[in-house]
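Undergrad: What follows is a single structure, and I will ask about it in a moment.
The values are calculated or read from the model by the stated rules, or taken from the named source; none is laboratory data. Note that the structure is predicted; figures quoted are calculated from it, not measured. Ideal geometry is used to build each Cβ from the backbone, glycine not excepted, and the neighbour counts take in all protein chains shown.
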Amino acid sequence: MKIIGTGSYLPQRIMTNHDLEAIVDTSDEWIVKRTGIRERHIASKNESTSDLAYAAAKNALAMAGISPTDIDMLIVATSTPDYPIPAVAPIVASKLGCGQIAAFDINSVCSGFSVAILNAYGMLRTGLYRTVLVIGADTYSRILNWTDRTSCCIFGDGAGAAILQFDGRNNIISHKFGTDGARSNLICIPAGGAKNPIHSLDPNGPNNDLFFQMDGRSVYEFSIDVVPKTIVQLIEDAKIQPSDISAVLLHQANIRIIDAIAKYLDIPRERYLSNVDRVGNTSSASLPILLDEAVRGDKIHKGDKVMVIGFGGGLSWCGYVMEW
């Protein structure tokens, strides 16, 4: 498999930590110390998840030098779709002009892009499809409680995309995908689904259950436990050494998690790529945005072994080692 093009898109509006100081009880010092985030991008009122995904896909198509009609499958990883129904992927396919192709969404929250890549890889290897566009896109600004400083300062909006084709190489040399549904309540939006529909809520109540909720401490402990174990397993399954890994792309949850994970493992810290200070946690978009920056910044080269790991809601974790 080869990635023939990458692209990303960040909304024009930038919200700094100082901007947040004006709307919630927080400070730049408090946010930077706990997350490493200094600013994030926020979608305009006229931008939806499908718009962000479309823009990222256009940039990936331009790099690949192919037409939207060359795409025969489109997968969108998102947990903030435009609507409960329909999925985002068919909307994006229509906006791009792909025609009547296979298109579907994956909601594995911050693990979504990695899960989508593994799905695309399987489809390509079996010969069912030739060219797959994988997009990670989220607009968390629409689901945040902007009075909750523990969550609203963390997230940003954005999208990233990658175009995959099979070139005869089985070059995802190890992978790991797991979930722990017993702890699914640690990252959730309690209301709005079939179990607790919107029309069942008190119209005069605060309805905080319509907003994103996270037990930050428990999620931090989960991350620094499961991700190092996943890295070790990926290296063992690939039958390589830690020094063989040229670049590590972790979900950009916050810098403390990345630093803590790096301390556990014998991979130089500088190989852990990061942009969380500039874009925040963009959920499903986190990994493809980071990947696009790495490709365009000449940080990944042919023959490199690149490790990519998403982790978060579900609880879930999904990673792979790919020989570039």
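Undergrad: Filtering region 72-85 down to residues that are touching a residue at least 40 places away in the same chain (Cβ under 8 Å) and of a type outside the set (A, V, I, L, M, F, W, C), which residue is surrounded by the most Cβ atoms within 10 Å (Cβ to Cβ)? Step through it out loud before you land on a result.
TA: First, the residues of region 72-85 that are touching a residue at least 40 places away in the same chain (Cβ under 8 Å): 72-80, 84.
Adding the requirement that they be of a type outside the set (A, V, I, L, M, F, W, C) leaves 72, 78-80, 84.
On the way: ASP72: 17, THR78: 31, SER79: 24, THR80: 24, PRO84: 11.
Top of the filtered list is THR78.
Undergrad: Among the residues of region 55-71, is there at least one that is crowded, with 17+ Cβ neighbours inside 10 Å, over 22 Å from the mean Cα position of the chain (by Cα) and either of a type in the set (Lys, Arg) or within 19 Å of ASP292 (Cβ to Cβ) (or both)? Write out each step before concluding.
TA: Looking only at region 55-71, we keep the residues that are crowded, with 17+ Cβ neighbours inside 10 Å, and these are 55-57, 59-61, 63-64, 66, 68, 71.
From the residues that got through so far, the ones that are over 22 Å from the mean Cα position of the chain (by Cα) too are 66, 68.
Narrowing the set further to residues that are either of a type in the set (Lys, Arg) or within 19 Å of ASP292 (Cβ to Cβ) (or both) leaves 66, 68.
Yes: region 55-71 contains one or more residues that are crowded, with 17+ Cβ neighbours inside 10 Å, over 22 Å from the mean Cα position of the chain (by Cα) and either of a type in the set (Lys, Arg) or within 19 Å of ASP292 (Cβ to Cβ) (or both).
Undergrad: Just to be sure, is THR26 surrounded by fewer than 21 Cβ atoms within 10 Å (Cβ to Cβ), among the hydroxyl-bearing types (Ser, Thr, Tyr) and not in a strand (DSSP E or B)?
TA: Details: surrounded by fewer than 21 Cβ atoms within 10 Å (Cβ to Cβ): yes; among the hydroxyl-bearing types (Ser, Thr, Tyr): yes; not in a strand (DSSP E or B): yes.
Yes.
Undergrad: Residues being surrounded by 16 or more Cβ atoms within 10 Å (Cβ to Cβ), out of contact with any Ser or Thr (no Cβ under 7 Å at 6 or more places or on another chain) and not in a strand (DSSP E or B): count how many of those fall in region 95-144.
TA: So the answer is 13.
Undergrad: For region 230-256, give me the residue count where each residue is more than 19 Å from the chain's Cα centre (by Cα), part of a helix (DSSP H, G or I) and polar (S, T, N, Q).
TA: Going through region 230-256, the residues more than 19 Å from the chain's Cα centre (by Cα) turn out to be 232-246.
When the remaining residues are screened for being part of a helix (DSSP H, G or I), the result is 232-238, 242-244.
With polar (S, T, N, Q) added as a condition, the list becomes 233, 243.
Result for region 230-256: 2.
Every residue, every condition in (1) in a helix (DSSP H, G or I); (2) modelled with pLDDT of 95 or more; (3) not assigned by TED's automatic domain parsing to the domain that holds VAL76, yes or no:
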site	(1), (2), (3)
ALA260	yes, no, yes
ILE289	yes, yes, yes
PHE311	no, yes, yes
TRP317	no, yes, yes
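Undergrad: Within region 36-54, track down each residue that is surrounded by 15 or more Cβ atoms within 10 Å (Cβ to Cβ) and either modelled with pLDDT under 95 or part of a loop (DSSP other than H, G, I, E, B) (or both). I'd like the intermediate steps shown before the answer.
TA: Filtering region 36-54 for residues surrounded by 15 or more Cβ atoms within 10 Å (Cβ to Cβ) gives 36-43, 47-54.
Result: GLY36, ILE37, ARG38, ALA43, GLU47, SER48.
Undergrad: Which one of the conditions (1) assigned by TED's automatic domain parsing to the domain that holds THR26; (2) closer than 20 Å to ILE309 by Cβ does CYS153 fail to meet, given that it meets all the rest?
TA: Of the numbered conditions (1) assigned by TED's automatic domain parsing to the domain that holds THR26; (2) closer than 20 Å to ILE309 by Cβ, the odd one out for CYS153 is (2).
Undergrad: Turning to a different aspect of this structure: Return yes when VAL227 is outside the structural domain of LEU20 (by TED's automatic domain parsing), part of a helix (DSSP H, G or I) and either among the polar types (S, T, N, Q) or touching a residue at least 12 places away in the same chain (Cβ under 8 Å) (or both) and no when it is not.
TA: Working: outside the structural domain of LEU20 (by TED's automatic domain parsing): yes; part of a helix (DSSP H, G or I): yes; either among the polar types (S, T, N, Q) or touching a residue at least 12 places away in the same chain (Cβ under 8 Å) (or both): yes.
For VAL227, the condition - outside the structural domain of LEU20 (by TED's automatic domain parsing), part of a helix (DSSP H, G or I) and either among the polar types (S, T, N, Q) or touching a residue at least 12 places away in the same chain (Cβ under 8 Å) (or both) - is met.
Undergrad: Within region 175-188, which residues are out of contact with any helix residue (DSSP H, G or I) (no Cβ under 7 Å at 6 or more places or on another chain) and either in the same structural domain as ASN107 (by TED's automatic domain parsing) or among the aliphatic types (A, V, I, L, M) (or both)?
TA: If the condition is that a residue be out of contact with any helix residue (DSSP H, G or I) (no Cβ under 7 Å at 6 or more places or on another chain) and either in the same structural domain as ASN107 (by TED's automatic domain parsing) or among the aliphatic types (A, V, I, L, M) (or both), then ALA182 is the only one that fits.
Undergrad: Answer yes if at least one residue in region 147-154 is in a loop (DSSP other than H, G, I, E, B), in contact with a Lys or Arg (Cβ under 6 Å, 6 or more places away or on another chain), modelled with pLDDT of 95 or more and within 17 Å of ILE289 (Cβ to Cβ), and no otherwise. If you could, list the steps in order and put the result at the bottom.
TA: From region 147-154, those in a loop (DSSP other than H, G, I, E, B) are 147-148, 153-154; that's our starting set.
Filter once more, so that each one left must be in contact with a Lys or Arg (Cβ under 6 Å, 6 or more places away or on another chain): none.
Scanning region 147-154 turns up no residue that is in a loop (DSSP other than H, G, I, E, B), in contact with a Lys or Arg (Cβ under 6 Å, 6 or more places away or on another chain), modelled with pLDDT of 95 or more and within 17 Å of ILE289 (Cβ to Cβ).
Undergrad: Follow-up. Might you check whether a residue that is among the β-branched types (Val, Ile, Thr), closer than 27 Å to LYS239 by Cα and not assigned by TED's automatic domain parsing to the domain that holds VAL295 occurs anywhere in region 109-120? Can you show your working first?
TA: We begin by selecting, within region 109-120, every residue among the β-branched types (Val, Ile, Thr); these are 109, 115, 117.
When the remaining residues are screened for being closer than 27 Å to LYS239 by Cα, the result is 115, 117.
Those left that are additionally not assigned by TED's automatic domain parsing to the domain that holds VAL295: 115, 117.
Yes, region 109-120 contains a residue that is among the β-branched types (Val, Ile, Thr), closer than 27 Å to LYS239 by Cα and not assigned by TED's automatic domain parsing to the domain that holds VAL295.
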